[in-house]
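First comes the structure, then the notes that go with it.
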Amino acid sequence: MSEPLLKIEGVETYYGKIIALRGVDIYVNKGEIVTLIGANGAGKSTLMMTICGTPQARAGRIVFDGVDITRMPTHEIMRSSIAQSPEGRRIFARMTVMENLQMGAGIAPPEHFEDNLKRVYDLFPVLKERHAQRGGTLSGGEQQMLAIGRALMGEPKLLLLDEPSLGIAPILVRQIFEAIRELNVSQGLTVFLVEQNAFHALRLAHRGYVMVNGNITLTGSGEELLGNEEVRAAYLEGGA
């Protein structure tokens, strides 16, 4: 069996003296969609930031595509073919849609720009319509599409998505999750998804993990976790 594309082993992350991640073990195989669910404050976004090197893990290791990236600076990690669509989208509000996409294309071969732009516009046609519009004037859902599109312009092997449904109208949430599925099916893109919307995330994912207070407490296929009584009570039926 081949090695996972992303392997997280025994990772501990601290903020000062406060431990945020407690020996986290997760793996993501090439071509999978894997989701991490949990309540707000569970440590999900901290894990996503730790993969990207800010903050760095104090213990354990993170291996991407056979290379230990645990101590690498963030800019080197991003150049290793990982792209992130961060929590809160964080697009460049004063730049146009096109300028935002150009920013994401910096690590891909320049001759691939037009092909990558076409893929993004095919996935999110509204971005083509609004190519000259400032990012800050887009709706929340359109900004999320732009954040994902910007990440895709770099031709990543692994796409990290942090809370893509946060603050977005339900109809656009469905559209974005369908786009993620399309990327995985048609292009074989590997996706690691952090998400509070457990229902959408587990329906989409091949496998999932549940995080509570910086610990991984459950793992299984998306279907298994959707049917798990503990998961249903905590995340699918109005529980905390």
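If each residue of separation counts as 0.36 nm, what is the full-extension length gain between A59 and Y15 once their alpha-carbon separation is subtracted?
Extra length from A59 to Y15 when fully extended: 14.5 nm.
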Note to self: with every protein chain in place and a 1.4 Å probe, segment 201-240 gives an accessible area per residue in Å² of 53
When ligands, DNA and RNA are left out and all protein chains stay put, how many square angstrom of accessible area per residue does segment 27-122 have with a 1.4 Å probe?
49
Violating pairs (Cα-Cα greater than 25 angstrom) within the set K7/K128; K17/K157; K17/K44; K7/K44:
K7/K128; K17/K157
Just the number, please: percent antiparallel of the DSSP beta bridges in the chain, rounded to the nearest 5.
55
Whole-percent carbon and sulfur share, accessible surface of the chain, 1.4 Å:
51
Taking θ = phi - 60°, what integer Hz values does the Karplus form 6.51 cos²θ - 1.76 cosθ + 1.60 yield along segment 193-208, in sequence order, with x for Gly and Pro?
10, 9, 7, 7, 7, 4, 4, 5, 5, 6, 5, 7, 7, 6, 9, x
Computed ³J(HN,Hα) along segment 154-169: with the Karplus parameters 6.51/-1.76/1.60, θ = phi - 60°, integer Hz and x for glycine or proline, the list is x, 6, x, 7, 10, 9, 9, 10, 10, 6, x, 8, 5, x, 10, 4
In order through segment 38-43: 3J(HN,Hα) via Karplus (6.51 cos²θ - 1.76 cosθ + 1.60), integer Hz, x for Gly, Pro
x, 5, 4, x, 6, x
Among [x] 13.9; [y] 15.2; [z] 12.9, only one was calculated for this model; which label is it, if the read-out is mean projected area of the Cα convex hull in nm²?
[z]
Quick one: net charge around T137, please, counting Lys, Arg +1 and Asp, Glu -1 for every other residue with C-beta under 11 Å from its C-beta.
+2
At q = 0.12, 0.18, 0.21 1/Å the base-10 log of I(q)/I(0) from the Debye formula over the alpha-carbon atoms of segment 7-135 is -0.59, -1.09, -1.24
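The values are calculated or read from the model by the stated rules, or taken from the named source; none is laboratory data. What you see is a predicted model; the values in this text were computed from it and never measured. In this analysis, Cβ positions are derived from the backbone assuming ideal geometry, glycine residues included, and neighbour counts consider all displayed protein chains. SASA here: full protein model, heavy atoms, side chains in, ligands and nucleic acids out. Shrake-Rupley method; radii C 1.70, N 1.55, O 1.52, S 1.80 Å.
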